[in-house]
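Undergrad: Here it is, the structure, as structure tokens.
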Amino acid sequence: MRPVLTAAPDASVDVGVLGAGPAGCAAALGLHRLRYSVAILGRPRPAASEGLGERCVARLLEAGLERAAAAAGRSAPRIGVWAGTRSTRGRECPIDRTAFDEALALDLALAGLRLDRRAARAIAADAGGGWRIDTAQGSLRCRAILDARGRRSGGVERLGPRLVAWSERWRIAAGGGPGSAVVAIDDGWCWFARDANGILQRQFICAPRTRLDREQLRERFETATATLQEDAFSTQRAQFLGARATAAVMRRADAAPSPGRLRIGDAALALDPLAGHGVHEALQSARVGVAAIHSYLDGTDWTPIARFVRERSDEVWRRAVATAGTFYREQARSLPGAPFWAAAADHYERLSVDANARIDAGAGRFERRPVLNGERIELRPVWVSARWPRGVWRAAVTRASREVRDEHDEQS
């Protein structure tokens, strides 16, 4: 049985996990359960708010991140003003990211894992085999690496339309409970999130050429707030806490760059912020990352592992750019004189055409392909077709309806 260890300067472990967000923590716990020694390196992040969907909270619980799931609190309807109509587009839990990250660290600690706040300065193949992670306080040697550092990971292969998110945080009066909203305006869209502790984040997403001073940004938020007609997102008599601008570009990097090294979460695939499923996809990719590293360290050849991980990334990317293109085109039709929406829709539609052109549209056939089987990636005979380019591994037929249920390795 493999020993379970925590990290120390100049230590050697089975797996080094870079990044202590949901993907990194879920992966670390998954590998810990499989009795691998794990070191988690993650730097604190700036204060921010985020919205977690109900499916995402369920995934946190499945991953064993119970305190993080509890920190999400209760969900609230998300109001949407889109394509000229007002509706409720699902539910989400507005969270304070600092409190959420503290809950993630507590989940690690209760499992016997220590979060190391050292930052990785360099990653290199180790002369003795495996990998070496260099930090200011020493080196960490490991047999494999899971990189969950988000956009800091690099290696970008594909980019969505360039977007920037201008954010403000406010402390507002207590009461009223959590809530969130998305509002489209002429040159971008606003997201509002108010958590249960009275922290309000207002975010305006637009093209980077839209240079905004404080007054212009305030005008965008006031326009959106007036459209909403919701006092819960007003900043009257509120305390300003700070502002910042960050990149909000949908991006994809090679998820399996080298034998024994994987990218998961936003490091592999960062979705358009409009999707609202970034953390959910990060947790899904963490599960795949655990199976991939487990298979590799247990002796499986890297080639089928890398193929599975990359083909899964292809599929998620293909679906995501198609969905984003649909949302932006829907809004572009309602605002024909607003170039922001048409340009973003055009960009996503080009990416969608390119992604679909890579699908093998040949006749259906059986092939041996890598599939996810529990906690391992294995080669199995699968049925490949234009509809299922990654293959259908198993199909169960129910007696009552005779409907075929696709079970092909939970490829979502």
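Each value in this text was obtained by applying a stated rule to the coordinates, not by laboratory testing. Note that the coordinates shown come from a computational prediction; the quantities given were computed from them, not determined experimentally. Note that we place each Cβ from the backbone using ideal geometry, even for glycine, and neighbour counts take in every protein chain shown.
Undergrad: Suppose we keep only residues that are surrounded by 13 or more Cβ atoms within 10 Å (Cβ to Cβ) and free of Cβ contacts under 8 Å to residues at least 60 places away in the same chain within segment 124-151. Which one would you say is farthest from residue 260 (Cα to Cα)?
TA: That would be 134.
Matching residues to (1) touching a residue at least 40 places away in the same chain (Cβ under 8 Å); (2) more than 17 Å from the chain's Cα centre (by Cα):
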| residue | (1), (2) |
| --- | --- |
| 232 | yes, yes |
| 237 | yes, yes |
| 244 | yes, yes |
| 261 | yes, yes |
| 269 | yes, no |
| 273 | yes, no |
| 276 | yes, no |
| 281 | no, no |
| 284 | yes, no |
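Undergrad: Here's a follow-up. Give the residue, chosen from 319, 307, that is closer than 30 Å to residue 291 by Cα and in contact with a Pro (Cβ under 9 Å, 6 or more places away or on another chain). Show your work before the answer.
TA: Details: 319 fails: in contact with a Pro (Cβ under 9 Å, 6 or more places away or on another chain).
Of 319, 307, the one residue that is closer than 30 Å to residue 291 by Cα and in contact with a Pro (Cβ under 9 Å, 6 or more places away or on another chain) is 307.
Undergrad: Please give the strands (runs of 3 or more DSSP E) falling wholly within segment 228-278 in which 1 or more residues are of a type in the set (Phe, Trp, Tyr). Break it down stepwise before answering.
TA: Working: elements: 239-247, 251-253, 261-263.
Result: 239-247.
Undergrad: Further, regarding this structure: Regarding segment 156-165, can at least one residue be identified that is in contact (Cβ under 8 Å) with a residue 60 or more places away in the chain, among the basic types (Lys, Arg), in contact with a strand residue (DSSP E or B) (Cβ under 9 Å, 6 or more places away or on another chain) and not in a helix (DSSP H, G or I)?
TA: If we filter segment 156-165 for residues that are in contact (Cβ under 8 Å) with a residue 60 or more places away in the chain, which is where we start, we get 156-165.
With among the basic types (Lys, Arg) added as a condition, the list becomes 158, 162.
Narrowing the set further to residues that are in contact with a strand residue (DSSP E or B) (Cβ under 9 Å, 6 or more places away or on another chain) leaves 158, 162.
Imposing the further condition that a residue be not in a helix (DSSP H, G or I) reduces the set to 158, 162.
Scanning segment 156-165 turns up at least one residue that is in contact (Cβ under 8 Å) with a residue 60 or more places away in the chain, among the basic types (Lys, Arg), in contact with a strand residue (DSSP E or B) (Cβ under 9 Å, 6 or more places away or on another chain) and not in a helix (DSSP H, G or I).
Undergrad: Related question: Taking residue 152, is it closer than 22 Å to residue 275 by Cα and out of contact with any strand residue (DSSP E or B) (no Cβ under 7 Å at 6 or more places or on another chain)? Steps first, answer last, please.
TA: Values: closer than 22 Å to residue 275 by Cα: yes; out of contact with any strand residue (DSSP E or B) (no Cβ under 7 Å at 6 or more places or on another chain): yes.
Here the answer is yes, as residue 152 does meet what is asked.
Undergrad: Go through segment 342-373 and report how many residues are in contact (Cβ under 8 Å) with a residue 24 or more places away in the chain and of a type in the set (A, V, I, L, M, F, W, C). I'd like the intermediate steps shown before the answer.
TA: As a first pass, look at segment 342-373 and keep what is in contact (Cβ under 8 Å) with a residue 24 or more places away in the chain: 343-344, 347-349, 351-352, 355-356, 358-362, 367, 369-373.
Narrowing the set further to residues that are of a type in the set (A, V, I, L, M, F, W, C) leaves 343-344, 351, 355, 359, 361, 371-372.
Counting residues in segment 342-373 that are in contact (Cβ under 8 Å) with a residue 24 or more places away in the chain and of a type in the set (A, V, I, L, M, F, W, C) gives 8.
Undergrad: Here is a follow-up. If I ask for residues that are more than 21 Å from residue 294 (Cβ to Cβ), β-branched (Val, Ile, Thr) and in a strand (DSSP E or B), which ones from segment 98-146 would you list?
TA: Answer for segment 98-146, where residues must be more than 21 Å from residue 294 (Cβ to Cβ), β-branched (Val, Ile, Thr) and in a strand (DSSP E or B): just 135.
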